[in-house]
Amino acid sequence: MRGMNINIKNIVIPVLILLFSLAAFSEEIPQKIAKSFFEAINKKEYRKAYDYLSLAAKDDVRYPDFAEKGRDVIRVDLVSIKIIDEDSKLIRTKVKANVVGRQDNQIFKALYGGKVDLKKENGTWKIITVDLEPLAQKAVNGKERKRILQIGTGR
């Protein structure tokens with residue numbers, strides 16, 4: 001067909017941009033939700049953090065218990081989150097987080113690793129699993145303990 005000169009770059013480049021945009025968007029969903037969940041815990045906004053949980057997760061842990069456990073967390077910082085499996089209704093992620101918390105009247109710092117899984121519920125991504133275990137942990141004492149406790153109480 002004469003007069004119809006199609007440049008393959010005009011087709012391939014927009015398609016590649018679209019594919020990379022979609023990949024970045026899908027990766028952004030669990031990162032944004034996980035970060036928002038942990039930020040709410042950091043701010044002691046336990047109801048907000050609880051609202052990120054799915055209905056099934058809420059059946060497993062009632063809000064008063066969730067908030068009580070949340071009070072033991074002084075600070076949690078998401079180090080990494082990587083999608084390990086996803087489809088249109090389920091995203092499984094591998095997570096690492098630095099945690100400063102209280103346990104048995106002790107203050108500790110720990111690197112936690114595990115998973116945060118999300119499920120689409122009524123058109124919104126919700127957290128169905130937060131399963132983190134300490135990979136490395138140490139007690140905090142002295143001046144650092146006092147500083148951490150002041151930060152944790154907002155003084």
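The values are calculated or read from the model by the stated rules, or taken from the named source; none is laboratory data. These numbers come from a predicted model, not from an experiment. Counting neighbours? That spans all protein chains shown, and the Cβs are built from the backbone with ideal geometry, glycine included.
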Q.
So, LEU111, is that one closer than 21 Å to ASP51 by Cα and in a strand (DSSP E or B) or not?
A. no
Q) Is there a residue in segment 48-60 that is at pLDDT 90 or above, touching a Lys or Arg at 6+ places or on another chain (Cβ under 8 Å) and either charged (D, E, K, R) or part of a loop (DSSP other than H, G, I, E, B) (or both)? A) yes
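To keep it simple, each residue is scored yes or no on (1) farther than 23 Å from LYS115 by Cβ; (2) modelled with pLDDT under 95; (3) under 14 Å from the mean Cα position of the chain (by Cα).
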| residue | (1), (2), (3) |
| --- | --- |
| ASN7 | yes, yes, no |
| PRO14 | yes, yes, no |
| ALA23 | no, yes, no |
| GLU39 | no, yes, yes |
Q. What's the number of the condition LYS82 fails, among (1) assigned to a helix (DSSP H, G or I); (2) at pLDDT 90 or above?
A. (1)
Q | THR93, sole failed condition from (1) polar (S, T, N, Q); (2) in a strand (DSSP E or B); (3) more than 11 Å from the chain's Cα centre (by Cα) | A | (3)
Q | Set VAL100, VAL76, VAL116: member being surrounded by 14 or more Cβ atoms within 10 Å (Cβ to Cβ) and either at positive phi or in contact with a Lys or Arg (Cβ under 8 Å, 6 or more places away or on another chain) (or both) | A | VAL100
Q: Looking only at segment 117-130, decide whether some residue is hydroxyl-bearing (Ser, Thr, Tyr) and under 19 Å from ASP60 (Cα atoms).
A: yes
Q: Check whether at least one residue in segment 86-93 is exposed (fewer than 12 other Cβ atoms within 10 Å of the Cβ) and closer than 20 Å to PRO134 by Cβ, and report yes or no.
A: no
Q. Name the residues in segment 51-89 that are within 17 Å of LYS32 (Cβ to Cβ) and either touching a Leu at 6+ places or on another chain (Cβ under 7 Å) or touching a residue at least 12 places away in the same chain (Cβ under 8 Å) (or both), would you?
A. TYR52, LEU53, SER54, VAL76, ASP77, LEU78, VAL79, SER80, ILE81, LYS82, ILE83, GLU86
